[in-house]
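**Student:** Handing you this structure, nothing more for now.
Each reported figure results from applying straightforward, stated rules to the coordinates on display, with no laboratory input. Treat the numbers as computed from the prediction; the structure is a model and nothing was measured. Glycine also receives a Cβ, built like all others from the backbone with ideal geometry; neighbour counts cover every protein chain displayed.
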Amino acid sequence: MDESHSADNAMVPAWTADYSGNNGIMADKAAFTIGELSREFGVTLRALRFYENKGLISPQREGLNRLYSDGDRTRLALILKGKKLGFTLGEIRQMIAAEEGNADDKALTLSREKCLEQIEMLERQKAEIEEGLGELRRIYAELSGKLEAR
């Protein structure tokens with residue numbers, strides 16, 4: 001086997017580094033409420049319920065209250081980091097499973113090759129956004145000129 005190829009495809013656990021959320025102040029707690037996690041990570045309650053519905057986090061129930069474990073908090077941080085990096089929820093689920101050792105044959109490992117794919121995708125999105133911004137600035141300037149001409 002070619003060693004350079006296997007090095008390119010080796011799993012990189014670096015994507016899980018720095019998962020402490022915005023400030024990490026609550027990292028030592030045993031359980032977190034939905035409101036606490038919402039505030040710490042800057043996400044809506046609806047987003048947390050959505051991730052629960054998708055099976056990405058699994059809070060315990062105490063009556064109508066949800067209590068999230070430190071593991072749920074860690075997974076939430078990884079979900080948000082994965083989204084920021086442009087991964088789909090399906091890909092994030094596979095990477096979390098691989099990281100937690102619950103991976104099956106379909107588990108997605110983060111390789112140098114996958115990083116390059118994500119970089120290329122984000123660069124394309126950035127170019128599209130820049131193009132859209134340029135067009136909106138042109139239209140705004142044109143509309144401003146028409147207003148001034150009146």
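**Student:** Using 1/(1 + (r/R0)^6) with R0 = 25 angstrom and r between the beta carbons of residue 118 and residue 49, what's the FRET efficiency to the nearest 0.05? Walk me through the numbers before you get to the answer.
**Tutor:** Working: r = 27 Å, r/R0 = 1.09.
E(calc), rounded to 0.05, equals 0.40.
**Student:** Can I ask one more? Run the reach check for residue 84 against lysines, Cα to Cα strictly under 17 Å, same-chain hits fewer than 8 apart removed. What comes back?
**Tutor:** Qualifying lysines at Cα under 17 Å: 114, 126.
**Student:** Same structure, new question: ³J(HN,Hα) across region 80-88 via Karplus (A = 6.51, B = -1.76, C = 1.60, θ = phi - 60°), whole Hz, x for Gly/Pro?
**Tutor:** 5, 5, x, 4, 4, 7, x, 7, 6
**Student:** Of the peptides 75-83, 52-60, how do they stack up when ordered by the mean number of other Cβ atoms within 10 Å, highest first? All intermediate terms of the calculation are to be shown ahead of the outcome.
**Tutor:** Numbers: 75-83: 20.4, 52-60: 14.9.
Output ranking for 75-83, 52-60: 75-83, 52-60.
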